[in-house]
Protein chains: 2
Amino acid sequence: MTEKKFSLGLDFGTNSVRALIVDVENGEEIGSCVYNYRRGEDGVILDEKDPNFARQDPKDYWEGMEASIQGALREARDKKSFRAEGIVGIGIDTTGSTLLPVDEDGLPLSFQEEFKNNPAAMVWLWKDHTSFEEAALITARAKEDEIDYTKYSGGIYSSEWFFSKILHLAKVAPEVFRAAASFVEHCDLMPALLVGDTKPQNIKRSRCAAGHKAMFNREWGGLPAEQFFCRVDEKLKGIRDKLYQETYTADVKVGGLSKEWAEKLSLSAGVSVSVGAFDAHMGAVGAGIKPGTLVKIMGTSTCDTMIAPPETLKVSIEGICGQVEGSIIPGFVGLEAGQSAVGDIFAWYRDQLRWPVENILSRTSFASSLDIKKLMEETKDLSYEILTEKAKSLRAGQSGLLALDWLNGNRTILVDPNLTGQIIGLTLQTRPEEIFLALIESTAFGAKVIMDRISEYGIDIEEVITCGGLAERNPLLMQVYADIIGKPIKISRSAQTCALGAAMFGAVAAGHYPRVEDAQGVMGGLKSTVYYPREESMAVYSRLFKLYKTLHDSLGTKNFSGDLYPVMKELLKIKREVMSKC
Amino acid sequence: MTEKKFSLGLDFGTNSVRALIVDVENGEEIGSCVYNYRRGEDGVILDEKDPNFARQDPKDYWEGMEASIQGALREARDKKSFRAEGIVGIGIDTTGSTLLPVDEDGLPLSFQEEFKNNPAAMVWLWKDHTSFEEAALITARAKEDEIDYTKYSGGIYSSEWFFSKILHLAKVAPEVFRAAASFVEHCDLMPALLVGDTKPQNIKRSRCAAGHKAMFNREWGGLPAEQFFCRVDEKLKGIRDKLYQETYTADVKVGGLSKEWAEKLSLSAGVSVSVGAFDAHMGAVGAGIKPGTLVKIMGTSTCDTMIAPPETLKVSIEGICGQVEGSIIPGFVGLEAGQSAVGDIFAWYRDQLRWPVENILSRTSFASSLDIKKLMEETKDLSYEILTEKAKSLRAGQSGLLALDWLNGNRTILVDPNLTGQIIGLTLQTRPEEIFLALIESTAFGAKVIMDRISEYGIDIEEVITCGGLAERNPLLMQVYADIIGKPIKISRSAQTCALGAAMFGAVAAGHYPRVEDAQGVMGGLKSTVYYPREESMAVYSRLFKLYKTLHDSLGTKNFSGDLYPVMKELLKIKREVMSKC
């Protein structure tokens, strides 16, 4: 009997890091551990005065990496088949653009005494939106240039991205900016740390991060030209020299595990560490992405990814957030799109219904017999449960409602954060479960708009694989999505597709598989549950989708030429027709 | 010292009847009593299977009239100044079109053994909507005729109105239809009953009811022509002969109190009884309507009334529900407009927030310590209180929300029941009190649209007087209305303007005043509280109103040519501006 081999995936999320140990021959999850960051609120350092502010203390990454791997190893050791020496590779994904200003050794400036309590010297978390003015400026300058450097990033540079943050940092904390030898993505730093060489010039930068968030593209020779940055702001003069010319796909080996970390983790030195990438992209790999397959990672927001051979996609798809060669699977163009809020919308609505618990019940005569805090906790899941239970018995079109899923703006295909949510069709008889279902439907309509846009560019979507908490927990949601999208929806077998994808790349970097597709074939898989579209709902939803598109285009695009008058009428007509069949 | 004189107003509402005894020299309310109808649910007979169904048992009117007057007399007798012999007149208002099929003596057919449990032989309450098909038919036929008989009724004949109901009755209960010697409005029957002569041919029909609900107009010689009815449906052949050629304004005396009723009520026989009218119209009189004054009766829905000299108003105002000479004040054209839901919208939203009490709390671990029914009762007012408290600190434009107040369709100016409510501007940060305020604002915007339409026709609105429960109880609502309408809002002194208006007409019929305007001058009045528009809010609201009008026109009218794209943008812009000033 040969020794079993394993790969370790590390998934750095917004609030925690997960380590996952996987059998490279069958994808079996042998050990897993989540480490919650300790600094700030749920691991995020906030600023009461500025809702756009979101930083992180890099110490949490150091401590979290060590602790989560040790935890996963502890769990794995309970399995007879496991021996730590069997671990051949380590892959890493993180959020992004999650940025650190670093010194000449590649260590966070916040580790230095001088900057230790300076939030500008810490991690600028992906969801830090303090740089919105800088983002608008970069977008504007890109439009004036001969080359539109944003063309593969949906045409609009985001406040969440690399250079917006660097410029804002330069403005608000010039001393930190000056002290920074380089700026690194979280997903670039962690592999470098494990192999024991974080010198900025030696760090193997992720193609995924560079292409999606830093306008890196071979078409214009890597990062944008020096002149472009100077036109954006003189402060960015020379920024290219602090950065990189090369980027790497995640199948590339960064190096072997350093002696120092091998000892810390009780692993063998020299274990292959692969180049990092973003969570959604590794998640897509873990979920089984391949040409023709759209992978939908569903959580608070969604990330939709596809891959296409470079020869079939020579133009940029309008309104798609990102289009980068090699960002997901080497050799393919990785497409990234997404909705800025999905689970967040349902949580918002659930909290509308929990608002009375906190704000009204406490003033009734029953207040003394209630533990409001406990009640809030209890109603968190229960509210979903009951809403879902009641919404389940509603038929498509029965409520007469239609919503726009823009409560956090629209990422794809309108690329416009300045849009808001809408509900139409309300009557005095409208019930909460109907609103809940309309919100679910709105996110599915939003998903269909993205798919239609991709299809318009000749990329066929043959199947949809979902993963993430929502997909696993909510059959109603999945069924509505199938009915609206009109395609069967499958669910990835693993609940940890990001960490699993990272582990797949670890196995490839280790040479265990020649290509990540081979790792996918063996280590990945689907659940047996498939949601098939229901004929009757599909027919109604295709009528509702037309109305959704009318609202979408009239409120979300300039110069809409259609007529809105029929929207309410048609909703009522559908409602009456559906009711008459009940 | 001369004996004091009093007038008695009777206000028959949907669920109860109120008697009010008023000093004719100063309007002092001497005695009052409400009698709740006993049959059906809250006095309304419903049909579980048909939400459009709403009937009433006329026995409640007989019993209620007697009991409420006796109750008011009992209360009045506690006052030293009062003697029952001082009562000189009685005026009556009712809901409408609230219709009874009657026999040759003018008594309800449901009093006959043959029809006693037949709902078609009972009262067809104003809000009975079973006749919607007949209403559509009458509207369609009116458009084909040389004369559009609906032109002074907003151009669309309603399912709530006189002939829709008669035709529906003819179809569903031909035996009742055949047995009916006539059809009378509730407000016509009660005065006739008090004077002891209900013979249909002797009943003095109300101008108000006939003009607003039965297409009665001098322009075409009273009721529509026989041929018109035949074209609508052969069943209506001869209907004119069962009805009337003459109608009367409410200052006209029907006769003296009959001996029978004088005995029942311990009043003097011969007390003057005036012609009846609808509640909202008498309410307007009680509130102090005069040329240039818009009276707004605010409750579950609203009724807006104005009067104008006939010479200034020779055309029909587009979209206004009714325009009838003498319907409010003799000698003037009475204008009636209104919003199909106002208080009902707030109640709807309150109940969205109470839904969790009933549906979620009962499944928590605290369920056993809660009395859900009691909690529902307690949270009824409390929810309003807390929402109002929180909404009070919001500034105009701060929420970024905008709503359309069409949750029960739009009565004025679109005259379209097939419209629905809408909320736009939702974000993940939107809070319930913001939605509550947006709903309040939406009803005020709707009110402004009505006022603007009236003004367009050259009728100046110099002041606004409100009355009704909402006006009395809700300072926030009144302030928002003042800010949005941009005019001071006054509140009628009496909380019972309908009964007070009826009492004013009673005093005129008794000859105590030559004209009802004289009675108004003495018996009416305003509260000292006036809501003045606040400059800063006005400025923001005038921007929001433009957006409201864009939504209103694009979703409510055909061939809208404007652009909706700026709506969400402008809402966000206003929000940012307002927030930056906080």
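Observations on the structure shown:
- Using Cβ point charges alone (K and R +1, D and E -1), the dipole size of region B:158-198 about the Cα centre works out to roughly 220 debye.
- For the residues of B:360-371, the average number of beta carbons from a partner chain within 10 Å of their own beta carbon is 5.
- Between A:ARG473 and B:VAL172, the distance separating the two model label sites (each 7 Å from Cα on the Cα→Cβ line) works out to 4.7 nm.
- Starting from the label point of B:GLY270 at 7 Å along Cα→Cβ, the same points in the other copies fall at 12.6 nm, in ascending order.
- Mean separation of Cα contacts under 8 Å, 6 or more apart, over the residue count of region B:268-340: relative contact order %: 28
- Taking region A:355-443 and dividing mean pair separation by its residue count, relative contact order in percent (alpha carbons under 8 Å, at least six apart): 27
- Residue-by-residue Karplus 3J(HN,Hα) for region A:181-189, coefficients 6.51, -1.76, 1.60, Hz, glycine and proline x: 6, 7, 10, 10, 6, 3, 6, 8, 6
- Members of A:LYS448/A:LYS490; A:LYS296/B:LYS575; A:LYS569/B:LYS558; B:LYS380/B:LYS527; B:LYS116/B:LYS237; A:LYS171/A:LYS213 lying beyond 22 Å, as alpha-carbon distances in this model show: A:LYS296/B:LYS575; B:LYS380/B:LYS527; B:LYS116/B:LYS237
- Cα-centred dipole magnitude for the protein assembly as shown, charges only on beta-carbon of K, R (+1) and D, E (-1), debye, nearest 20: 220
- Neighbouring partner chain Cβ atoms per residue of A:413-420, average, 10 Å criterion: 4
- In chain A, taking the dipole from charged Cβ atoms about the Cα centre, the farthest positive-side position among A:TYR548, A:SER274, A:TYR37 is held by A:TYR548.
- Remark on A:GLY326: its backbone amide H falls under 5 Å from those of A:GLY331, A:PHE332, A:VAL333, A:GLY334, a criterion applied only to residues 5 or more positions apart or on other chains, H modelled at 1.01 Å from N.
- Region B:367-429: C-alpha gyration tensor shape, a/c 1.5 cut-off, then a/b vs b/c: oblate
- Candidates per GluC sites (Glu not before Pro) in region B:192-252, loop by DSSP, up to 14 other Cβ within 10 Å: B:GLU246
- For the pair A:ARG39 and A:SER369 in one chain, pulling the backbone fully straight at 0.36 nm per residue adds 115.3 nm over the alpha carbon distance.
- Inter-label distance, A:GLN245 to B:GLU389: 6.8 nm, where each label sits 7 Å from its Cα along the C-beta direction.
- Karplus-derived HN-Hα couplings along region B:380-390 (A = 6.51, B = -1.76, C = 1.60, θ = phi - 60°), whole Hz, x at Gly and Pro: 4, 7, 4, 4, 4, 4, 6, 4, 5, 3, 6
- A straight Cα-to-Cα reach below 13 Å connects A:LYS253 with the aspartates and glutamates A:ASP188, residues fewer than 8 places away in its own chain not being considered.
- The long axis of helix B:343-359 is offset from the longest Cα principal axis of chain B by roughly 70 degrees.
- All distinct Cα pairs of chain A go into the 1/r average, and the inverse of that average, the Kirkwood radius, is 24.8 Å.
- Scanning residues 5 or more positions from B:PHE53 or on other chains, those with amide H under 5 Å from its amide H are B:ASP47, B:HIS129, with H placed 1.01 Å from N in the peptide plane.
- Residue by residue along A:399-406, Cβ atoms of other protein chains within 10 Å of the local Cβ number 2 on average.
- Inter-copy label distances at A:LYS259 (7 Å, Cα→Cβ; nm, one decimal): 12.7
- Rounded to 0.05, the FRET efficiency of the B:SER561 and A:SER455 pair, given R0 = 35 Å and the Cβ-Cβ distance, is 0.60.
- Among A:96-104, A:494-502, the peptide with the highest mean count of other Cβ atoms within 10 Å heads the list, and the full ranking is A:494-502, A:96-104.
- DSSP-loop trypsin sites (Lys or Arg not before Pro) across region B:425-517, with at most 16 other Cβ within 10 angstrom: B:ARG515
- Three-way shape label, region B:512-573, alpha-carbon gyration tensor, a/c 1.5: oblate
- At most 16 other Cβ within 10 Å, DSSP loop - trypsin sites (Lys or Arg not before Pro), region A:52-95: A:LYS79, A:LYS80, A:ARG83
- Count Lys and Arg as plus one, Asp and Glu as minus one, and take only other residues whose Cβ is under 14 Å from that of A:GLU114; the net charge is then -1.
- In nanometers and ordered shortest first, the copy-to-copy spacing of the B:LYS79 label point, defined 7 Å from Cα toward Cβ, is 8.9.
- Here's the picture: charge each Lys and Arg Cβ at +1 and each Asp and Glu Cβ at -1 in chain B, and of B:ASN26, B:SER131, B:PRO119 the one pushed furthest to the positive end of that dipole is B:ASN26.
- Scoring B:369-376, A:545-552 by mean Cβ neighbours within 10 Å over their residues and listing the highest first yields A:545-552, B:369-376.
- Of all aspartates and glutamates in the structure, those lying under 20 Å Cα to Cα from B:LYS4, and not within fewer than 8 positions of it along the same chain, are B:ASP23, B:GLU25, B:GLU28, B:GLU29, B:GLU75, B:ASP78, B:GLU85, B:ASP518.
- From most to least packed by mean Cβ count within 10 Å, the peptides A:400-408, B:259-267 give A:400-408, B:259-267.
- Expected 222 nm ellipticity per residue - DSSP helices of 4 or more, -39500 (n - 2.57), all of chain A, to 500: -12500 deg cm²/dmol
- Shape call, region A:198-292: gyration tensor on alpha carbons, a/c limit 1.5: oblate
- B:GLU25 long-range amide H proximity, modeled H, under 5 Å: B:LYS5
- Over all other residues within a Cβ to Cβ distance under 15 Å of B:ARG141, the charged ones net out to -4, with Lys and Arg as +1 and Asp and Glu as -1.
- Straight-line reach from A:LYS314: taking Cα to Cα under 16 Å and skipping same-chain neighbours fewer than 8 places apart, the lysines in range are A:LYS151.
- Positive-pole candidate from B:ILE156, B:ILE459, B:PRO432, dipole of chain B, charges at beta carbon: B:PRO432
- Around A:PHE132: net Lys/Arg minus Asp/Glu count, Cβ-Cβ under 14 Å: -2
- Segment A:VAL530..A:ARG431, full-extension length gain: 32.6 nm, with 0.36 nm per residue of separation and the alpha-carbon distance subtracted.
- Principal semi-axes of the equivalent ellipsoid, √(5λ) from the alpha carbon gyration tensor of region B:447-531, are 27, 17, 10 Å from largest down.
Every number here is computed from the coordinates shown, using simple stated rules; none is lab data. Just so you know, these numbers come straight off a predicted model, no measurement behind them. Please note: Cβ atoms are built from the backbone with ideal geometry, for glycine as well, and neighbour counts cover all protein chains shown.
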